[in-house]
Amino acid sequence: MQLLNDELSERLAGLRHQGLLRELRSVDSSQGTRINVGGKRLLNFSSNDYLGLANHPVLKSAAIKAIEKYGVGCGASRLICGSLKPHGDLEEALSDFKDTQAALSFSSGYTAVVGTICALMGKEDLLIVDRLVHASVIDAARLCGAKLRIFHHNDLNDLDAILQSVTRRSGLRQGHFALPPNGAARTRRAVTVIGTKSRLEGAFSARVAFKSPRVLIVTESVFSMDGDRAPLREIVELKEKYGAWLMVDEAHATGLYGSAHRGIADELRVNNRIEIQMGTLGKALGSVGGYVAGSRALIDFLINRARPFVFSTAPLPAASAAAQAGIGVVQSKEGDLLRKSLWKRVSQLSSKFEARPSSEKSCIIPIIFGAEENAVRAAAILRQQGIYSPAIRYPTVARNKARLRVTLSAGHTSVDVRKLLAALGKLKRGNLSKYDQVES
Ligand SMILES: *Cc1c(COP(=O)(O)O)cnc(C)c1O
């Protein structure tokens with residue numbers, strides 16, 4: 001016992017020394033623009049509950065009704081006996097909402113990413129990802145063993161160069177598919193466990209020209225820590241040019257952008273050209289869980305092969321019902337009003353920043369400090385003034401890119417934003433280095 005504790009204490013001390021130690025702060029209230037933290041009521045600028053649905057009466061009542069009818073736990077994974085009606089209803093609502101053939105829900109966005117990438121990709125395949133993609137994508141890359149190439153953030157030339165070098169090396173050109181698939185090597189363990197199925201799969205794959213190596217590009221549509229956007233239309237064009245697949249993480253866009261509020265792919269009208277659309281139910285949709293939306297074949301394959309889906313107890317029916325209700329609110333007149341007040345607050349705050357062009361509005365506004373301890377100090381100063389926006393540090397962002405990540409919600413008032421601006425103004429006078437984004 002002592003050996004482990006000694007080692008861990010030392011490592012924790014190291015984290016503290018680098019300004020990287022993280023600690024939980026207990027919140028004793030519902031989520032909203034005001035939260036109770038350590039007995040203090042604070043104005044909250046840290047949540048991803050962009051439309052204020054996490055505590056919305058319609059979502060709460062949907063969750064309560066689901067609990068009353070279906071209970072709390074599901075008893076098993078979806079494939080055993082846990083596929084309850086709220087799961088199926090949610091997935092139908094999701095595929096209608098996203099305008100795809102089908103959708104699948106997961107316990108979290110994290111497991112949706114890991115489950116999907118690991119189901120589709122193996123050691124001989126290639127993942128090409130933006131430098132700033134979410135940790136779940138990097139974890140998935142490690143787990144599935146695919147080769148990982150990282151392109152500079154939003155840099156189309158770099159992405160093009162990588163795609164070019166890959167297709168040249170593997171002797172593939174657009175429209176040329178290599179034979180045969182190495183299915184047996186990819187799933188050797190599965191072969192011994194479920195031999196019949198795999199033989200069938202093998203027989204089938206002999207008739208279908210699989211592309212090898214598979215190439216999957218992954219990007220976010222709105223980046224989680226910077227709030228900027230991927231050039232999605234151009235990425236779609238590139239992946240089509242080279243015959244690669246594309247997975248787009250719309251975690252910070254679902255419910256917020258596009259004429260049907262599906263996300264940035266919807267706004268740019270490229271949603272029906274993206275193989276894998278992924279997102280979370282835990283941000284603007286106000287509940288918890290993740291989803292993948294795409295073709296019927298993709299979803300059927302994930303039901304069979306996404307390990308976090310197959311080997312984990314089904315999500316709470318209450319969470320699924322709440323997410324479905326969240327989709328309903330997003331698509332309603334009330335949703336329009338919520339987005340309208342959200343974007344008003346966004347322009348109120350961004351007008352004081354050189355944050356980004358107003359055509360690229362986003363509710364994530366990073367205030368970069370650089371040094372970890374400066375960001376931590378800034379967050380503490382804000383807290384003293386009744387404002388909650390914790391420091392975001394390595395490994396969530398790169399070292400020396402520590403920041404306050406200010407997020408806005410439809411529930412914020414213009415007075416709330418003015419209070420935030422006043423507190424940020426005082427910070428500047430506190431002379432924290434590299435703090436240069438607030439106008440004097
Ligand atoms: C939050 C987030 C996820 C994970 O979603 P959860 O539902 O919280 O697990 C994945 N990708 C991005 C970009 C995110 O911001």
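Nothing in this text is a laboratory measurement; each read-out follows from the coordinates by a stated rule. This structure is a prediction, so every number in the text was calculated from the model and none was measured. Using ideal geometry, Cβ is built from the backbone for each residue, glycine included, and neighbour counts are taken over all protein chains shown.
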Specify which of the listed residues (326, 282, 258) is within 18 Å of residue 53 (Cα to Cα) and part of a loop (DSSP other than H, G, I, E, B). 282
Six or more apart or on different chains, Cβ under 6 Å: which pairs go from a residue in the stretch 238-252 that's among the acidic types (Asp, Glu) to one that's within 16 Å of the ligand (Cβ to nearest atom)? Could you list them? 249/220; 249/278; 250/221; 250/263; 250/279
Filtering the stretch 283-307 down to residues that are buried (at least 21 other Cβ atoms within 10 Å of the Cβ) and either among the acidic types (Asp, Glu) or within 13 Å of the ligand (Cβ to nearest atom) (or both) yields 283, 284, 285, 286, 287, 289, 290, 291, 292
Which numbered condition trips up residue 236, out of (1) closer than 14 Å to residue 128 by Cα; (2) out of contact with any helix residue (DSSP H, G or I) (no Cβ under 6 Å at 6 or more places or on another chain)? (2)
Criterion violated by residue 385 - all others in (1) surrounded by fewer than 21 Cβ atoms within 10 Å (Cβ to Cβ); (2) among the polar types (S, T, N, Q); (3) touching a His at 6+ places or on another chain (Cβ under 8 Å) satisfied: (3)
Of all residues in the stretch 129-153, which are touching a helix residue (DSSP H, G or I) at 6+ places or on another chain (Cβ under 9 Å) and more than 26 Å from residue 306 (Cβ to Cβ)? 152
Return yes when residue 127 is in contact (Cβ under 8 Å) with a residue 40 or more places away in the chain and closer than 30 Å to residue 163 by Cβ and no when it is not. yes
Quick check: is even one residue across the stretch 20-43 surrounded by 13 or more Cβ atoms within 10 Å (Cβ to Cβ), on the phi < 0 side of the Ramachandran plot and within 16 Å of the ligand (Cβ to nearest atom)? yes
State the number of residues belonging to the stretch 373-382 that are surrounded by fewer than 21 Cβ atoms within 10 Å (Cβ to Cβ) and in contact with a Phe, Trp or Tyr (Cβ under 7 Å, 6 or more places away or on another chain). 0
Please name all residue pairs, on different chains or six or more residues apart, with Cβ atoms under 6 Å, provided the first residue is in the stretch 91-115 and is among the β-branched types (Val, Ile, Thr) and the second residue is more than 16 Å from the ligand (Cβ to nearest atom). 100/294
Looking only at residues that are within 16 Å of the ligand (Cβ to nearest atom) and surrounded by fewer than 21 Cβ atoms within 10 Å (Cβ to Cβ) in the stretch 119-133, which one is nearest to the chain's Cα centre (by Cα)? 132
Would you tally the residues in the stretch 323-364 being out of contact with any helix residue (DSSP H, G or I) (no Cβ under 9 Å at 6 or more places or on another chain), surrounded by 15 or more Cβ atoms within 10 Å (Cβ to Cβ) and closer than 20 Å to residue 97 by Cβ? 1
Determine whether the stretch 96-108 contains at least one residue that is over 19 Å from the mean Cα position of the chain (by Cα), assigned to a helix (DSSP H, G or I), of a type outside the set (Phe, Trp, Tyr) and more than 16 Å from the ligand (Cβ to nearest atom). yes
State whether one or more residues within the stretch 335-348 are in contact (Cβ under 8 Å) with a residue 12 or more places away in the chain and touching a Pro at 6+ places or on another chain (Cβ under 9 Å). no
